[in-house]
Structures are given as structure tokens and as C-alpha cells.
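Chemist: This is the structure, below, for whatever I ask next.
Derivation of every value follows stated rules applied to the coordinates shown; laboratory data play no part. Note that the coordinates shown come from a computational prediction; the quantities given were computed from them, not determined experimentally. Cβ atoms come from the backbone with ideal geometry, glycine included; neighbour counts cover every protein chain shown.
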Amino acid sequence: MSAIPATFRAYVAEKIEGPDGMPAVARGVRSFPEAELPPGEVEIRVAWSSVNYKDGLATRIDGKVARISPLIPGIDLAGQVVASDDPDIAVGASVVAHGYELGVSRHGGYTDYQRVPAGWVVPLAPGLSPRDAMAIGTAGFTAAMSVVALEERGLTPDDGPVLVTGASGGVGGTALAILADRGYEVWAATGKPDEAARLMTLGATGILTREDVTGDGRPLESERWAGAVDAVGGATLPYVLRSLMTGAAVASSGNAGGPKLETTVFPFILRGVALLGMDSVNVSIARRRHIWDRLATDLRPRALGDHVHEVTLDTVEPALDGIVAGQARGRWIVRIAD
Ligand SMILES: NC(=O)c1ccc[n+]([C@@H]2O[C@H](COP(=O)([O-])OP(=O)(O)OC[C@H]3O[C@@H](n4cnc5c(N)ncnc54)[C@H](OP(=O)(O)O)[C@@H]3O)[C@@H](O)[C@H]2O)c1
């Protein structure tokens with residue numbers, strides 16, 4: 001028998017026919033039946049979720065993210081286990097779940113309760129609360145994955161300055177904080193000049209404008225960066241590739257600036273640079289748990305919590321629209337229960 005009440009509150013996005021006869025999305029908080037949750041071994045009282053770029057897309061008709069309708073969005077969630085068929089996941093444990101199908105082709109985190117497969121659940125290490133976990137969220141997890149990938153390839157703070165693009169956003173801001181805490185000289189690229197002071201408090205050594213990191217498309221720039229974290233793509237990733245030092249790598253996770261990549265092969269064949277693809281959705285549960293354990297310890301961003309904005313299920317909508325419009329300044333987290 002389920003430990004979830006027969007009905008509870010959830011924020012739901014549903015495709016409908018708009019007043020003009022065109023497809024539209026109806027969004028809002030409504031009562032949701034337990035019987036319509038998908039199957040799974042673990043039931044969770046959701047305490048916090050967060051707003052990621054993909055969540056904004058999942059609630060738009062042109063977003064190309066939602067695979068079911070109606071959909072409870074929210075690609076990540078954290079809370080307490082209220083029922084579990086898995087001996088390794090105890091009732092009462094604080095857990096986080098994100099990625100796989102959550103908030104895309106299966107109901108996600110914007111809900112009082114959720115049911116998920118045991119193989120998607122990450123027990124939180126002591127010292128990392130569900131709120132902390134969502135202050136990090138999928139964006140921060142992806143930032144940590146990026147730093148780990150660069151360091152596994154050999155990057156150290158002695159190699160030279162590193163670049164983080166889209167620095168005012170979730171992936172960028174968290175990557176900046178993690179790298180600065182680990183002793184790197186980090187340069188933050190942002191399209192928001194008024195974010196410079198906040199980015200310096202996160203640990204940036206210097207600020208670059210969006211124009212600085214797009215440039216005129218020449219085949220190569222002078223070698224400047226020992227490594228880079230890029231969640232912008234578009235016209236920015238080609239600049240990053242052109243300006244990496246010989247043998248350096250960029251961890252690429254996003255397309256906030258556009259999905260097209262127009263580059264020459266010269267950075268690869270004349271400087272041996274590497275483009276490391278980051279996919280937080282399908283990463284194995286073992287790797288996911290390992291990175292979360294590190295986020296509770298040596299990768300934990302020092303400034304965690306200083307740069308989050310709280311919303312609720314009733315006030316999440318402007319954040320969903322704002323993140324797609326490029327207005328992110330830190331992270332929005334969704335308070336669902338304490
Ligand atoms: N691969 C994965 O597993 C994975 C995981 C998480 C996120 N992502 C992707 O990573 C990207 C960022 O996610 P996020 O949650 O960090 O989003 P976010 O909080 O909205 O941050 C994105 C940042 O990119 C910059 N930006 C926005 N529009 C831009 C434009 N037109 N041109 C250049 N820069 C622009 C802005 O920073 P500035 O104004 O400071 O430049 C913005 O704050 C998204 O594409 C998301 O889907 C992928």
C-alpha cells in the first residue's frame with residue numbers, strides 16, 4: 001500500500017488548445033491523484049525542488065522537452081523517504097533524485113509527493129540537507145561533473161587560468177564557486193555587467209563580457225585558458241575552443257546561447273584541445289552517488305546558499321519564464337515542505 005495520500009498538491013503543465021485554436025500549455029497548481037503517479041520502489045515526501053533551464057522549456061509549447069502531458073515538471077527533487085521496497089534506502093532517509101526521465105517523460109519534482117525507481121535515488125551524505133541539495137541541483141551537479149572531468153584529465157590550479165561562461169547562471173555560477181574554492185584562478189564570462197560584483201564574491205579573479213568570449217571567428221586566438229566550463233554553446237563555445245592552451249579541454253554541457261557549433265578543426269589538430277561532453281541525465285547511479293558524496297565534502301561550494309532565491313509552487317512561474325529568457329542570477333529553489 002502506498003504511503004502517499006490519495007490526493008496532494010502539484011504544479012502541472014498540460015498541452016491544450018489555446019483560445020486562438022493554436023496549441024498552448026496550461027500551467028498551475030492543482031490537486032493530483034496518487035493513482036496517476038508512475039510505479040517505483042521509493043516514495044518521497046518532496047521538500048525542495050529547483051528551477052533549471054530544462055524546466056523552463058518543459059512548460060513551454062515550443063520547448064521540445066516535455067514528453068508527456070499532463071506533466072509535473074521538475075527535473076530534480078530532494079526530500080524524505082516515506083516508503084521504500086529497497087533494503088538500502090531507509091524510510092526517513094534524506095535523498096535526492098534527478099535526471100533520467102524525471103520532469104521530462106515522467107512526473108518530476110514540483111509536487112508534494114513523488115514515486116521513483118530505487119536505482120535513481122541518491123541518499124544524501126550527512127551535512128548536506130535537502131535544501132542544500134537543491135541549491136546545488138541539476139545545474140550544480142553538472143558543474144561538479146565538469147570540474148571532475150577536467151581534473152580526471154589532469155587539470156590542476158598550477159596549469160593556469162580557467163574560464164567559466166554563462167557565469168551568472170546555475171551551471172556557470174556553481175562551477176565558478178567550486179573551481180575558486182579549489183584554488184583555481186577563474187575568469188567569469190557574463191552577459192550581465194551588473195553581476196560582476198556577485199561573481200567576484202563567488203571567487204572570480206576577473207570578468208569578461210559576452211563580446212569578449214564570442215569574437216570575430218578567427219581560426220585560433222592566443223592560448224589563454226588551461227581549462228573551461230561552458231554551458232552556453234552558441235557563439236561562445238567556438239571562442240573557448242580557439243583560446244584553450246595546447247592540450248587543454250573544455251567541459252561542454254549546455255546550449256543557453258544556441259545549439260549550433262560552428263568551428264574549424266584547428267584547435268583540435270594544431271593544439272590537441274579536447275571537447276568533453278557532459279550528460280547529467282544518463283550518468284550511472286554509481287557515478288551520480290559518488291559526485292553527490294563529493295558535493296557534500298571536497299566539492300561543496302563555500303558560497304552555497306548565498307546565491308539562491310526561494311519560490312514556492314504558487315510562485316514558480318516567473319522563474320520558469322525568467323530562466324528561459326536568460327535572466328538567471330544564481331539559482332531558484334522551490335520550497336515545497338520544510
Ligand atoms: N548536459 C547536461 O546534463 C546539462 C545539465 C544542466 C544544464 N544543462 C544545460 O546547460 C545550460 C545552462 O543551464 P543552467 O541551468 O545553468 O541555465 P541558467 O541558469 O539559465 O544559466 C545559463 C546562463 O547562460 C547565459 N546565457 C543565457 N542566454 C544566453 C545567450 N543567448 N547567449 C549567451 N549566453 C547566454 C546567461 O549567463 P550570463 O548572462 O552570465 O552570460 C545565463 O545565466 C542550458 O542549456 C541547460 O539545458 C545541461
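Chemist: State the dimensionless ratio Rg/Rh of the stretch 1-101 (Rg: radius of gyration of Cα atoms; Rh: Kirkwood radius).
Modeler: Details: Rg = 15.2 Å, Rh = 15.0 Å.
Reported Rg/Rh, Kirkwood definition of Rh: 1.01.
Chemist: Then there is this: State to the nearest 20 debye the size of the charge dipole of the chain about its Cα centre, where the only charges are +1 on K and R beta carbons and -1 on D and E beta carbons.
Modeler: 220
Chemist: Also, I was wondering about something else. If you take the beta carbon distance between SER31 and ASP293 as r and set R0 to 45 Å, what does 1/(1 + (r/R0)^6) give as a FRET efficiency, to the nearest 0.05?
Modeler: On the way: r = 37 Å, r/R0 = 0.82.
So, using R0 = 45 Å, E works out to roughly 0.75.
Chemist: What does the highest-first list of 119-129, 37-47 look like by mean Cβ count within 10 Å? It would help to have the intermediate numbers written out before the result.
Modeler: Numbers: 119-129: 16.5, 37-47: 20.0.
Descending packing order for the listed peptides: 37-47, 119-129.
Chemist: While we're here: Applying a 10 Å radius around every beta-carbon, put 15-21, 133-139, 187-193, 300-306 in order of their mean neighbour count, most first.
Modeler: 133-139, 187-193, 300-306, 15-21
Chemist: Tilt of helix 285-295 relative to the longest C-alpha principal axis of the chain, in degrees (0 to 90, nearest 10)?
Modeler: It is inclined by approximately 70 degrees.
Chemist: Another question, then. If I take R0 = 56 Å and measure r between the Cβ atoms of SER2 and LEU220 in this structure, what FRET efficiency does the formula 1/(1 + (r/R0)^6) give, to the nearest 0.05? Provide the component values of the computation, followed by the final result.
Modeler: Numbers: r = 59 Å, r/R0 = 1.06.
The formula returns an efficiency of 0.40 here.
Chemist: In deg cm²/dmol, rounded to 500, what helix-only [θ] at 222 nm does the chain give when every DSSP H run of at least 4 residues adds -39500 (n - 2.57) and the total is split over its residues?
Modeler: Details: 8 runs with 81 residues, N = 338.
One gets -7000 deg cm²/dmol as the mean residue ellipticity at 222 nm.
Chemist: Still on this structure, I have one more. Which three lengths, in whole Å and largest first, does the chain cover when its Cα atoms are put on their principal axes?
Modeler: 62, 52, 35
Chemist: Moving to a separate point now. Tell me, Kirkwood radius of the stretch 1-59 from alpha-carbon pair distances, in Å? Walk me through the numbers before you get to the answer.
Modeler: On the way: mean 1/r = 0.0722 Å⁻¹.
It works out to 13.9 Å.
Chemist: Another question, then. Tell me, what is the Rg over Rh of the stretch 138-277, with Rh the Kirkwood radius over Cα pairs?
Modeler: Numbers: Rg = 13.3 Å, Rh = 14.4 Å.
Dividing the radius of gyration by the Kirkwood radius yields 0.92.
Chemist: Between helix 170-181 and the chain, what is the angle of the helix's C-alpha long axis to the longest principal axis, kept within 0 to 90° and rounded to the nearest 10?
Modeler: Result, in degrees: 60.
Chemist: Taking every eigenvalue of the Cα gyration tensor of the stretch 35-188, multiplying by 5 and rooting it, what semi-axes result, largest first, whole Å? Write down the numbers at each step before the final one.
Modeler: On the way: eigenvalues 186, 76, 27 Å².
Values for the stretch 35-188, descending: 30, 20, 12 Å.
Chemist: Specify the angular offset, from 0 to 90 degrees and rounded to the nearest 10, of the alpha carbon long axis of helix 130-152 from the longest principal axis of the alpha carbons in the chain.
Modeler: 40
Chemist: Tell me the label-point distance for the pair GLU151, ASP85, using the 7 Å Cα-to-Cβ offset, in nm and rounded to one decimal.
Modeler: Here the answer is 3.8 nm between the modelled labels.
Chemist: Sort 270-277, 243-250 for me by packing, meaning the mean count of neighbouring Cβ atoms within 10 Å per residue, highest on top. It would help to have the intermediate numbers written out before the result.
Modeler: On the way: 270-277: 15.9, 243-250: 21.0.
Highest mean packing first, the order is 243-250, 270-277.
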